Amino acid sequence: MRSKLGNTELIVSKIAFGGNVLGWTIDEETSFKMLDYLEDLGGNFIDTADVYSTWKAGNTGGESEKIIGNWQKKRGNRDSIVIATKVGGIIDINNRGLSKQYIIKAAEASLSRLRTDYIDLYQSHYDDATTPIEETLEAYQQLIKEGKIRYVGASNISPQRFLLSLKVSMENNLPTYDTLQPEYNLYDRQRYETEFEQDCIKNKIGVITYFSLASGFLTGKYRNESDLKKSERGKRVQKYLNERGHNILKALDHIAAELNSKPSTIAISWLLSNPSVTTAIVSATSLTQLQELFKATDLKLLDDHIKTLNSASSY
């Protein structure tokens, strides 16, 4: 299943592959298999960033982009996939932010690693209050004119700065943010729903959710403190081990059993049932995981299911 991404001409799958795992928890050979399977399942959308994955010992950033670039070059499928990457995250003390000079430099580096002439969606990874919004958008305007990027989006930005950016782009005839990439999942609902959702609907912004499974918590893999040792993500999940978190897992377990499905599939299906959401980013390290997550695009939750999940995750 595919949808138009906000005000863009991009038609993207309802599931986007999260490129943070490429070059981190899976090597290039396994990454190729995962990306091949993504296409087999009908997926065409890959989300990455220039900082992926600086946090792994020995990495310097750009590892994910390099793998994607090598894969698409070898497969010869560039025109049939949609690549989204980001700029502005901290690679090192001299490489960060959203100044025009830095964006132009970073875009060239991403294009080289991705082995492509253009980036479909280029996103401001983190807001940069030290750089005027006009300067950032002027950098994107130059890149669009040069054919190096097609559309722009934002992530990790306050609702006030997001709306201001839309206003500045309109008043100065500059590129506008066509997409927003917020943290949004069955547990982390409140900020997006109360601070962004209505403005995204009003402005026809494409919404691409990250941490769609709450760092793996919504898979049911982590249910107590001892489970946190199962992976490197365990530290991020500890905050969910509370009464509300357990109530969400119980609801997911119940519906998954009723529909002969998996909690992770149900959690993604819940996300995609929200009309304001275009695409959910999912990270997977095995073909089985990816297949289960893609089943969410065909799974139709009943109104009672959605009510149950909304009640369990109410804030």
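How are the alpha carbon pair distances in the chain distributed across 20 Å bins from zero to the largest one, expressed in percent?
For the chain, the pair-distance distribution reads 33, 59, 7.
Among Glu39, Glu243, rank each residue by its count of other Cβ atoms within 10 Å, from fewest to most, as a rough exposure measure. Walk me through the numbers before you get to the answer.
Values: Glu39 15, Glu243 7.
Starting with the residue having the fewest Cβ neighbours, the order is Glu243, Glu39.
Between segment 141-202 and segment 237-287, how far is it from one alpha carbon centroid to the other, in angstrom?
Cα centroid to Cα centroid, the span is 25 Å.
Have a look at Asn156, Asn20, Asn77 and tell me which one the Gaussian network model of the chain (Cα, springs below 10 Å) gives the largest fluctuation.
Maximum fluctuation in the GNM of the chain, among the listed residues, is at Asn77.
Taking the Cα centre of segment 2-181 as the origin and placing charges on Cβ (Lys, Arg +1; Asp, Glu -1), which of Gly153, Ile67, Val168 is farthest toward the positive end of the dipole?
Ile67
Alpha carbons only, please: Rg and Dmax for segment 2-181, in angstrom.
15.7, 47
Give, rounded to the nearest 20 debye, the magnitude of the charge dipole that the chain has about its Cα centre when Lys and Arg contribute +1 at Cβ and Asp and Glu contribute -1 at Cβ. Write out the running numbers ahead of the final one.
Values: 39 positive and 40 negative charges, 77 e Å.
Roughly 380 debye for the chain.
When DSSP beta bridges are limited to those with both residues in the chain, what percentage is antiparallel, rounded to the nearest 5? Could you put the intermediate results ahead of the total?
Details: 4 of 32 bridges.
Of the beta bridges lying entirely in the chain, close to 10 percent run antiparallel.
Set Lys and Arg Cβ to +1 and Asp and Glu Cβ to -1, take the dipole of segment 193-315 about its Cα centre, and tell me which of Val207, Val282, Ser261 lies farthest positive.
Final value for the positive-end residue is Val282.
Taking the number of other C-beta atoms within 10 Å as the exposure measure, put Tyr126, Tyr315 in order starting with the fewest.
Working: Tyr126 17, Tyr315 10.
The order, fewest Cβ neighbours first, is Tyr315, Tyr126.
Relative to the Cα centre, what is the charge dipole magnitude of segment 2-181, using +1 at the beta carbon of each Lys and Arg, -1 at the beta carbon of each Asp and Glu, and rounding to the nearest 20 debye? Don't jump to the answer; show the numbers that get you there.
Values: 21 positive and 24 negative charges, 31 e Å.
Roughly 140 debye for segment 2-181.
Excluding residues on the same chain fewer than 8 positions from Lys167, give the aspartates and glutamates whose Cα lies under 15 Å from its Cα.
Cα-Cα hits under 15 Å: Glu134, Glu135, Glu138, Asp178, Asp199.
Name the residue, out of Trp55, Trp24, Trp71, whose mean-square fluctuation peaks in a Gaussian network model built on the chain with Cα pairs under 10 Å.
Trp55
If you average the alpha carbon positions of segment 296-315 and of segment 31-54, how far apart do those two centres end up, in angstrom?
A separation of 27 Å, based on Cα centres.
Can you put Phe32, Phe217, Phe45 in order of Cβ neighbours within 10 angstrom, beginning with the fewest?
Phe32, Phe45, Phe217
Taken together, the values in this text are just the output of simple stated rules run on the coordinates, not laboratory data. Just so it is clear, the model here is predicted, and its values are computed rather than measured. Glycine also receives a Cβ, built like all others from the backbone with ideal geometry; neighbour counts cover every protein chain displayed.
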